[in-house]
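**Student:** The structure's right below; bear with me while I get my questions together.
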Amino acid sequence: AQTVTQSQPEMSVQEAETVTLSCTYDTSESDYYLFWYKQPPSRQMILVIRQEAYKQQNATENRFSVNFQKAAKSFSLKISDSQLGDAAMYFCAYRSRYGGSQGNLIFGKGTKLSVKP
Amino acid sequence: EAQVTQNPRYLITVTGKKLTVTCSQNMNHEYMSWYRQDPGLGLRQIYYSMNVEVTDKGDVPEGYKVSRKEKRNFPLILESPSPNQTSLYFCASSLFGLMGSYNEQFFGPGTRLTVL
């Protein structure tokens, strides 16, 4: 079974600075998706960024980028130029690309990010 | 507007009183799923459905039931709620397309359930 681990329950960053959230995962599959979701106080789940395991290039979305290390099974999220609106709970998630349960997301326990003005 | 809706958004109930949380999507998605979110545990899958009349257990199915009689609806049923089912519940849906294709999963707004 696949597992996702986020070892940082809480993190803090100064506004305009850069912060990196860590995520490791365990799987025997070779092809899969990895995601970072943001959950602000409104509780809505917002997809921040997606990475396909077969792609070597790290995904980027504006101020958000990932460092995907497939061999190490590591998938960290870097937030540049942090803004007050980035304060939220962040979840790392895994999804198989094939198989009958390919829709199922496996989540880490989350990292609560605070942004200091 | 394409969306996943859940009702109710908030519910306080008592132990043993049957309840249903509804989930509906208007995107003609085949795949639907229920998750529960608890502090320090992240989101865990309760049940999922790959199409009408096709449902399967997730990681934490005990104490829950689901049904999928129509493509757009996927209600979560708690026959005899207990305090350990106090949680934040999310419904999600996506297309279930060609094997290997990526289809974004859309989440509902969440239902905060308290069982006294």
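**Student:** I want to confirm something. Restricting to the range B:68-107 and keeping residues that are within 14 Å of chain A (Cβ to nearest Cβ), among the hydroxyl-bearing types (Ser, Thr, Tyr) and part of a loop (DSSP other than H, G, I, E, B), which single residue is surrounded by the most Cβ atoms within 10 Å (Cβ to Cβ)?
**Tutor:** B:102
**Student:** For the range B:28-43, how many residues meet the condition of being buried (at least 20 other Cβ atoms within 10 Å of the Cβ) and assigned to a loop (DSSP other than H, G, I, E, B)?
**Tutor:** Selection size over the range B:28-43: 1.
**Student:** Are any of the residues in the range A:77-89 hydroxyl-bearing (Ser, Thr, Tyr) and touching a residue at least 24 places away in the same chain (Cβ under 8 Å)?
**Tutor:** Looking through the range A:77-89, at least one residue is hydroxyl-bearing (Ser, Thr, Tyr) and touching a residue at least 24 places away in the same chain (Cβ under 8 Å).
**Student:** Related question: I want to confirm something. Restricting to the range B:14-69 and keeping residues that are free of Cβ contacts under 8 Å to residues at least 12 places away in the same chain and not aliphatic (A, V, I, L, M), which single residue is nearest to residue A:91 (Cα to Cα)?
**Tutor:** B:42
Results for (1) within 22 Å of residue B:43 (Cα to Cα); (2) loosely packed, with under 12 Cβ neighbours inside 10 Å; (3) facing chain B (nearest Cβ under 8 Å), shown as yes or no for each residue.
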| position | (1), (2), (3) |
| --- | --- |
| A:5 | yes, no, no |
| A:11 | yes, no, no |
| A:15 | no, no, no |
| A:37 | yes, no, no |
| A:49 | yes, no, no |
| A:58 | no, no, no |
| A:69 | no, no, no |
| A:72 | no, yes, no |
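**Student:** Output the residues belonging to the range B:44-61 that are at pLDDT 95 or above and not in a strand (DSSP E or B).
**Tutor:** The answer is B:60, B:61.
**Student:** Take residues that are touching a Pro at 6+ places or on another chain (Cβ under 6 Å) and tell me which of the strands (runs of 3 or more DSSP E) falling wholly in the range A:63-117 contain 1 or more.
**Tutor:** A:88-96
The values are calculated or read from the model by the stated rules, or taken from the named source; none is laboratory data. On a predicted model such as this, the values are computed, not experimentally measured, just so you know. Using ideal geometry, Cβ is built from the backbone for each residue, glycine included, and neighbour counts are taken over all protein chains shown.
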